[in-house]
Every structure is written in structure tokens, then in C-alpha cells.
């Protein structure tokens with residue numbers, strides 16, 4: 001038995017939420033990859049004329065939420081068509097990612113975001129049809145492992 005507790009990404013899901021209370025989530029179908037650039041932290045220059053050892057100084061700035069990149073098999077089902085509806089309406093929507101964690105636990109990441117990109121294809125004679133979606137995260141992100 002391996003010493004690592006790493007898990008495969010198999011079984012991970014991306015969900016799009018609605019405006020109901022509590023939020024109802026619908027899984028986006030046929031997702032092959034979820035790549036979440038969680039956030040970056042800005043660097044604020046606070047260097048002054050008497051900075052010690054003639055060294056630049058900085059402090060951490062605000063968190064800048066990242067982008068979620070999704071790829072998958074294009075099926076044209078209702079969950080995938082909803083991407084266009086959200087994009088055209090400029091909707092900021094709740095989203096959720098679930099992924100296997102250590103043991104039987106599941107990592108759940110939630111937040112809000114909006115569609116920034118969608119690509120469909122290529123359409124080729126001997127290849128599956130793909131799609132790609134980009135979601136810009138807006139505001140705070142929550143993480144839980146249970």
C-alpha cells in the first residue's frame with residue numbers, strides 16, 4: 001500500500017447554481033478537466049527613502065480571485081446550453097466544485113462568478129467535439145473538506 005494519501009480527480013464535478021434560497025445546483029455535464037486558479041495576492045510597494053539596508057519593502061495586498069477553466073465533451077444538453085444563457089445575460093451566478101480528498105472525504109469549493117469565455121469544437125471527422133468554458137471568480141471563495 002502506498003504511503004501517499006493522494007486521490008485521483010475522477011468523480012470531480014462542477015455545478016452551476018440558481019437564484020433560489022437555498023441555492024439549487026445543476027452539474028455541468030461531460031466535464032473532462034477542472035482547472036481552478038484559486039487566487040493571487042497583490043504586492044503593495046511600501047518602500048521609502050529610509051527603508052532598511054537600501055532594500056525595497058512590500059506588504060500583501062488584497063486577494064484577487066482567479067479563473068476556473070473547464071473542458072469537456074460537447075453534447076449540447078441543457079446544462080451546456082445554460083452557459084450561453086448566463087453569458088448573454090451577464091449573470092453573476094453561484095458555482096460549486098466537488099473533488100475527492102483524503103480517505104472518504106470530499107473537497108467542496110464554492111463562490112460566485114461569471115462566464116468570460118466559451119469555445120466549441122473543433123468539429124473533425126474522426127474526433128470528439130470539445131468545449132471550453134472560462135469562469136471568472138468574483139468575491140470570496142469558501143473551502144471545506146468533509
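Can you name the number of the only condition in (1) surrounded by fewer than 11 Cβ atoms within 10 Å (Cβ to Cβ); (2) closer than 25 Å to residue 89 by Cα that residue 59 fails?
It fails just one condition, (2).
Restricting to segment 45-77, name every residue that is closer than 29 Å to residue 11 by Cα and free of Cβ contacts under 8 Å to residues at least 24 places away in the same chain.
Result: 76, single match.
For segment 25-55, what are the residues that are in a loop (DSSP other than H, G, I, E, B) and either surrounded by 10 or more Cβ atoms within 10 Å (Cβ to Cβ) or at pLDDT below 95 (or both)? Break it down into steps so the answer makes sense when it comes.
Restricting attention to segment 25-55, the residues satisfying the condition of being in a loop (DSSP other than H, G, I, E, B) are 28-30, 37-38, 46-51, 55.
Those that are in a loop (DSSP other than H, G, I, E, B) and either surrounded by 10 or more Cβ atoms within 10 Å (Cβ to Cβ) or at pLDDT below 95 (or both): 28, 29, 30, 37, 38, 46, 47, 51.
Within segment 16-24, can one find any residue that is touching a helix residue (DSSP H, G or I) at 6+ places or on another chain (Cβ under 9 Å), farther than 15 Å from residue 115 by Cβ, in contact (Cβ under 8 Å) with a residue 40 or more places away in the chain and not in a strand (DSSP E or B)? Spell out how you get there, then give the answer.
Pass one, segment 16-24, residues touching a helix residue (DSSP H, G or I) at 6+ places or on another chain (Cβ under 9 Å): 16.
Filter again for farther than 15 Å from residue 115 by Cβ, leaving none.
No, every residue in segment 16-24 fails to be touching a helix residue (DSSP H, G or I) at 6+ places or on another chain (Cβ under 9 Å), farther than 15 Å from residue 115 by Cβ, in contact (Cβ under 8 Å) with a residue 40 or more places away in the chain and not in a strand (DSSP E or B).
Of all residues in segment 89-146 being in contact with a helix residue (DSSP H, G or I) (Cβ under 8 Å, 6 or more places away or on another chain) and in contact (Cβ under 8 Å) with a residue 40 or more places away in the chain, which is surrounded by the most Cβ atoms within 10 Å (Cβ to Cβ)?
133
Please indicate, with yes or no, whether at least one residue in segment 49-69 is touching a helix residue (DSSP H, G or I) at 6+ places or on another chain (Cβ under 9 Å) and under 24 Å from residue 127 (Cα atoms). Show your work before the answer.
Applying the first criterion (touching a helix residue (DSSP H, G or I) at 6+ places or on another chain (Cβ under 9 Å)) to segment 49-69 yields none.
No - not one qualifying residue is present in segment 49-69.
The values are calculated or read from the model by the stated rules, or taken from the named source; none is laboratory data. All values derive from a computational prediction rather than experimental measurement. Neighbour counts are summed over all protein chains in view; Cβ atoms, including those assigned to glycine, are modelled from backbone coordinates with ideal geometry.
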